[in-house]
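Have a look at the structure below before the remarks.
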């Protein structure tokens with residue numbers, strides 16, 4: 001009995017150790033985004049609240065927390081309130097299988113990659129439910145766009161994951177990272193075209209620029225979350241940024257060698273694994289912000305064309321190429 | 001009562017309750033959401049039975065793709081609820097019959113309804129020692145049942161072609177975007193510098 005309680009307490013502690021820093025990371029990702037985009041556009045970004053505007057995310061959070069939650073009269077109450085919770089929870093539960101260092105993972109399951117893929121494919125529900133329950137045309141259009149877009153790009157993501165799996169020979173994330181060890185032979189090098197496609201696909205999957213048509217403010221106001229206010233909106237916002245960090249983590253795990261140092265030698269191995277992992281996440285996050293500052297928004301038909309007619313055949317071809325290469329040179333992991 | 005058994009009854013109970021709600025909910029969108037809940041509980045039971053690969057595939061395929069399309073269609077259609085209620089009693093005997101047949105089949109498969117004990121579950125999912133069930137499934141699928149697997153693929157291909165033929169129609173002359181042509185368009189073909197005399201315009 002005592003053992004049972006202790007193991008539950010240990011699991012809860014582990015979850016807190018992941019979720020706490022993650023939420024802090026989300027808060028400062030918004031700050032970093034505004035600073036980076038500001039620098040790219042020769043502005044300062046947030047600078048008045050605290051030194052270098054460092055307290056700005058806290059102020060924003062407090063503002064959202066203190067506002068009134070408005071539920072539209074025509075809304076479907078239960079689903080309207082359920083949708084932001086689903087979005088937020090889904091963006092957190094995926095972290096259970098992400099390894100921060102060798103053995104430093106909440107749940108080291110055999111089908112880790114499939115679990116991540118499953119959770120990311122569920123993300124669409126929060127958005128669709130929000131759009132439908134709001135009983136508003138803009139929100140509904142945003143939700144429809146979002147679900148079509150996420151389903152389209154998930155297929156490309158799935159095929160890219162298959163290419164990586166063939167190289168690593170395992171569905172376990174720790175083993176995928178270990179398969180990339182040894183003098184920087186990360187999968188970003190042999191799978192470079194897939195890394196580029198994966199980057200674009202995760203931009204679309206998280207509804208970020210240049211694929212942020214679900215919240216296209218010029219034509220849809222802000223899309224699926226237009227009727228949300230206060231903490232309900234904050235949950236969507238947190239979920240979106242937590243998803244970005246999660247996708248960056250998946251990118252780092254699959255292509256950038258997770259917690260591994262670039263070279264297995266002196267100055268690089270001084271930093272512990274989790275620090276390398278976080279640095280890699282920051283690198284991918286920077287690409288998210290960079291894309292937002294630089295690229296114009298796609299038109300919707302162009303977005304669909306890119307997903308179905310370019311990424312899908314290309315990643316399918318890459319799966320065939322990878323497996324052919326592995327078989328021809330007898331490299332398949334036992 | 002062990003924890004695993006408790007979790008099993010919880011998942012099974014919620015699964016059956018959600019399945020009942022799928023057919024009895026007044027709002028079709030709620031029905032689809034309850035269907036998703038039922039899928040999730042089924043996936044949880046797969047995990048309990050040690051079939052984690054099937055559990056994940058169930059979530060990816062059914063919840064992540066099929067149910068999204070259900071939800072999509074149900075939300076887009078404005079379904080008349082009273083019309084749906086009218087057919088309920090008419091189709092009830094047929095539905096009950098199908099349910100009964102399924103139940104009898106389950107009885108025949110398992111002998112008894114002792115799903116809660118470990119033996120039938122172990123019989124249903126024989127995982128070889130020292131092998132994850134992804135490996136076991138892959139081994140069986142790509143060696144013993146290779147041709148059946150290929151055949152399933154071909155049937156799916158036929159279904160895809162059928163779906164495309166049914167929906168493809170000639171819409172007459174459509175102005176199509178040719179991305180390759182747009183990208184390869186050079187400046188001289190698009191822009192012309194002309195000297196315009198004032199008051200005359202380009203003749």
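We did not get these values from a lab; they are worked out from the coordinates using the rules stated. Note that the structure is predicted; figures quoted are calculated from it, not measured. With ideal geometry, Cβ positions are generated from the backbone for all residues, glycine too; neighbour counts draw on all protein chains shown.
Can you bin the stretch A:240-325 into rounded, prolate or oblate? Criterion: square roots of the alpha carbon gyration tensor eigenvalues sorted a ≥ b ≥ c, rounded for a/c under 1.5, prolate for a/b above b/c, oblate for the rest. In terms of gyration-tensor shape, oblate.
The stretch A:141-187 has equivalent-ellipsoid semi-axes of 31, 10, 9 Å, by the square roots of 5 times the alpha carbon gyration tensor eigenvalues, sorted largest first.
For the stretch B:1-79, a/c is not less than 1.5, where a ≥ b ≥ c are the root eigenvalues of the C-alpha gyration tensor, and a/b does not top b/c. That puts it in the oblate class.
Taken residue by residue and averaged, Cβ atoms of other chains lying within 10 Å of the Cβ of A:281-290 number 0.
In chain A, the DSSP-assigned H stretches of four residues or longer account for a calculated mean residue ellipticity at 222 nm of -22000 deg cm²/dmol, using -39500 (n - 2.57) per stretch and the full residue count as denominator.
Other protein chain C-beta atoms within 10 Å of residue C-beta, averaged over B:33-40: 1. As a proxy for reagent exposure, A:206, A:222, B:143 were ordered by neighbouring Cβ count within 10 angstrom, fewest first; the result is B:143, A:222, A:206.
From largest to smallest, the equivalent ellipsoid semi-axes obtained for chain A from the alpha-carbon gyration tensor read 32, 25, 21 Å.
Counting 0.36 nm for each residue step from residue A:329 to residue A:14 and taking away their Cα separation leaves a gain of 109.2 nm. Compared with the dominant Cα axis of chain A, that is its longest principal axis, helix A:137-168 is turned about 10°. Ordered by the number of other Cβ atoms lying within 10 Å of each residue's own Cβ, fewest first, A:227, A:205, A:217 fall into the sequence A:217, A:227, A:205. The residues A:216, B:197, when put in order of fewest to most other Cβ atoms within 10 Å, stand as B:197, A:216. On the beta carbon distance between residue B:66 and residue A:309, with R0 = 22 Å, the FRET formula returns roughly 0.40. Ordering A:16-23, B:145-152 by mean Cβ neighbour count within 10 Å, with the highest value first, yields A:16-23, B:145-152.
Per-residue mean of foreign Cβ neighbours for B:175-185 is 1 (Cβ atoms of other chains, 10 Å radius). Mean separation of Cα pairs under 8 Å and 6 or more residues apart, divided by the residue count, gives the stretch A:76-328 a relative contact order of 27 percent. Classify the stretch A:71-200 from the C-alpha gyration tensor, please: rounded if a/c falls under 1.5, else prolate or oblate depending on whether a/b exceeds b/c. Verdict is prolate for the stretch A:71-200.
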